[in-house]
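Okay, structure first, notes after.
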Amino acid sequence: MPYANSGEVKLYYEEVGTGTAIIFLHEFAGDYRSWEPQMRFFSNRYRCVCYNARGYPPSDIPTNISDYNQENQADDAVNILDDLGIEKAHIVGLSMGGFAALHFGLRHPQRALSLAVTGCGYGAHKDNRDQFMNDAEKVALEYDNNGSKAVADFYAESSTRVQFQNKNPRGWAEFKLQLGEHSAVGAANTMRGYQKTRPSLYDLETQLSELRVPTLIVTGDEDEPCLEPALYLKRTISSAGLSVLPRSGHTINLEDPDLFNSVIQSFINTVDNGRWELRDPRSLGSAMLGHQNKT
C-alpha cells in the first residue's frame, strides 16, 4: 500500500492518470473512497491523487489531539505532493477538505495552480461558534461511547445530507456504510482537534483579501450553514468565483457528480488557459451609473 510521510505521520494515498496534477481532500464524513466519481472522471486527462487524512485508516491515527489542527491539514497535502514529486497541483477539497484547500492556498500559494473550495463554511459564523463547538463535542462523545456505526445512523441523515438520500438512495447507503467503517478514535480526535478548534473564516479576512490563487467556491443551495460563508469568501477573495448547485446539500461531489465534475472541469480549463483573472473593481461600483471619470 502506498504511503507518504508527513512528519512522523504516514498517510495512505492513491493516484491514477498522468499530466497536470489534481489532489482531492476529503470531508469529515468521507475518506479517499468518496472521491471515486472524480478520480474516474478526471484521470483520463490529469494525474489524480486522493488520500486519507490523519485519523482515517489506513493512514496513521495520532494519539495527541494537538496533532489534528488546521495547519497540519494543509501541510499534509503539501507533503503528499512532495513525496510524489509534484511541484504544483489543482487543489480540490470538500467541507473539512475545503477548509484545508483554502488554508493550503494561504500557507503555500506557490504550490497551488488553483483552489476549489467546496462545501466550506460550517462553524464559520462567529455568532453561533459556541453551538458549533458544543455540537462537535457531542459528536465526539458519541464516537467515544457508541462507535462509528452509531454516529453514521444520525450523521448521515442530518439536514444537509437528506438531499443525497432523496436523489440517490443507493449512493447514500454506500456513503453511510463507509462512514460507519471509520475509526472511532480517529474521528473523535479529528472532531475535537480539528473541527472544533479551527479558526472562523471571518477572522481570516486580511489573509483572504490578499489571496491571489485562482479560487472557485462551490456550495449546494440547501447547504444552509455554508451559504453565507460562500458569499463572504466570494466577496473577500478577489480571485474567487462562486457556483451554487441547485437543490443540493452538503455531499455535492457524490450527490450530483456530473454537475460537480462539470463545474470543476470548466474552472480548471479556464485556469489552465490563463483566463481566470482577478475581479474587475468596476463590478463593485454603481449598478446604474457606470464608470465615472473623476477630475
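Summed over the range 148-190, residues that are among the acidic types (Asp, Glu) and not in a helix (DSSP H, G or I) total 2.
Scoring residue 211 on the criteria (1) within 30 Å of residue 127 (Cα to Cα); (2) out of contact with any Gly (no Cβ under 7 Å at 6 or more places or on another chain) leaves a single failure, condition (2).
Within the range 193-200, does at least one residue satisfy the condition of being within 16 Å of the chain's Cα centre (by Cα) and surrounded by fewer than 18 Cβ atoms within 10 Å (Cβ to Cβ)? Yes, the range 193-200 contains a residue that is within 16 Å of the chain's Cα centre (by Cα) and surrounded by fewer than 18 Cβ atoms within 10 Å (Cβ to Cβ). Where helices (runs of 4 or more DSSP H) sit wholly within the range 195-295, those with at least 1 residues that are within 16 Å of residue 102 (Cα to Cα) and in contact with an Asp or Glu (Cβ under 8 Å, 6 or more places away or on another chain) occupy 224-236. Going through (1) over 17 Å from residue 118 (Cα atoms); (2) out of contact with any Pro (no Cβ under 8 Å at 6 or more places or on another chain) one by one, residue 101 falls short only on (1). For the range 144-152, the condition of being over 21 Å from residue 31 (Cβ atoms) and either in contact (Cβ under 8 Å) with a residue 40 or more places away in the chain or under 13 Å from the mean Cα position of the chain (by Cα) (or both) holds for none of the residues. Taking residues in the range 105-126 that are at positive phi, and partners anywhere that are aliphatic (A, V, I, L, M) and surrounded by fewer than 24 Cβ atoms within 10 Å (Cβ to Cβ), the pairs with Cβ atoms closer than 8 Å and at least 6 places apart or on different chains are 121/201; 121/227; 123/133; 123/136.
Where in the range 22-123 are there strands (runs of 3 or more DSSP E), lying wholly inside it, with at least 1 residues that are at pLDDT 95 or above, out of contact with any Lys or Arg (no Cβ under 7 Å at 6 or more places or on another chain) and surrounded by fewer than 24 Cβ atoms within 10 Å (Cβ to Cβ)?
47-51
Considering 178, 163, the condition of being crowded, with 22+ Cβ neighbours inside 10 Å and closer than 26 Å to residue 222 by Cα is satisfied by 163 alone. Only one entry of 274, 290, 249, 241 meets the criterion of being closer than 30 Å to residue 36 by Cα, loosely packed, with under 12 Cβ neighbours inside 10 Å and either modelled with pLDDT of 95 or more or out of contact with any helix residue (DSSP H, G or I) (no Cβ under 8 Å at 6 or more places or on another chain) (or both), and that entry is 274.
When 207, 195 are checked against the criterion of being of a type in the set (S, T, N, Q), under 28 Å from residue 276 (Cα atoms) and touching a residue at least 40 places away in the same chain (Cβ under 8 Å), 207 stands alone in meeting it. When 219, 206, 197 are checked against the criterion of being under 26 Å from residue 37 (Cβ atoms) and of a type in the set (S, T, N, Q), 219 stands alone in meeting it.
The number of residues in the range 214-228 that are surrounded by fewer than 24 Cβ atoms within 10 Å (Cβ to Cβ) and either more than 14 Å from residue 202 (Cβ to Cβ) or of a type outside the set (D, E, K, R) (or both) comes to 5.
The values are calculated or read from the model by the stated rules, or taken from the named source; none is laboratory data. Remember, predicted model here, so these are calculated numbers, not experimental data. Heads up, the Cβs are rebuilt from the backbone with ideal geometry, glycines too, and the neighbour counts pull from every protein chain shown.
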